[in-house]
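Contents: one structure, followed by commentary.
The values are calculated or read from the model by the stated rules, or taken from the named source; none is laboratory data. Just so it is clear, the structure is predicted and the values come from calculations on it, not from any experiment. Virtual Cβ from ideal backbone geometry, glycine too; neighbours counted across all protein chains shown.
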Amino acid sequence: MREFFDGLEARNSALIHDALKIYRSLGAETVEVSLPHLPLSVPTYYVVAPAECSSNLSRFDGVRFGYRCESPKDLLDLYTRSRGEGFGAEVKRRIMTGTYVLSAGYFDAYYLKAQKVRRLITDDFRAAFAQVDLLIGPTTPTPAFAIGAKINDPVTMYLNDIYTIGANLAGLPGLSLPCGFVEGLPMGLQLIGPHFSESKLLNAAHRFQEATDWHRRSPRGYE
């Protein structure tokens, strides 16, 4: 996919191209396709997903669902402390963002517009699968982060979703498998298929693993 290699570092790109060579040696035919609206998937996802998060998690009030705080003084204390103590920082961020984009005056400007872009992304995938059986590309623009390396940098973590959340928005099956290391940290190869193609995805991943041993190796320092 052309957009998957835009901005990809040379070392990461080389690993993906090596993986494509392995698939060709196994008999696969590869062609380049385009998903022109894929770069819009990050802002689209981080409108749609937090909106759904805000709506779905509203039931977690400490009464029938979710965590309940200890010894609440009254009903309001039960609600506020249960939600305040039971949700982590990232969940709270998403609830607040989702509540904002669903609020009066912003629904049309954000949520409705994001759903329209979601349709464009879905149409791109549909057009691509009219040409190929599966899509192959990197899972993320960078190798995996070291544990805890980006915990205080949520924006960087969000941007690493650029290649994966398009499939989520379109409701497509996908998987990631290791295809090499950059400075001791693993790089992922992503396979995406059309709806109900899970068996084809698993077979393609299995063939790659039979031809390589990346899935048997551990990142440096995590043995």
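Can you tell me which residue is surrounded by the most Cβ atoms within 10 Å (Cβ to Cβ) among those in the stretch 157-185 that are of a type in the set (A, V, I, L, M, F, W, C) and outside any helix (DSSP H, G or I)? Among those residues, the one meeting the criterion is Cys179. Filtered by the rule that a residue be in a loop (DSSP other than H, G, I, E, B) and in contact with a helix residue (DSSP H, G or I) (Cβ under 9 Å, 6 or more places away or on another chain), the stretch 201-221 gives a lone residue, Thr212.
Note on the stretch 122-151: residues that are part of a loop (DSSP other than H, G, I, E, B) and not aromatic (Phe, Trp, Tyr) total 17. Closer than 17 Å to Ala14 by Cα and modelled with pLDDT of 95 or more: does that describe Phe196? Considered against the rule, which asks whether it is closer than 17 Å to Ala14 by Cα and modelled with pLDDT of 95 or more, Phe196 comes out as no.
The residue that is nearest to Phe125 (Cα to Cα), among those in the stretch 14-44 that are buried (at least 17 other Cβ atoms within 10 Å of the Cβ) and polar (S, T, N, Q), is Ser41.
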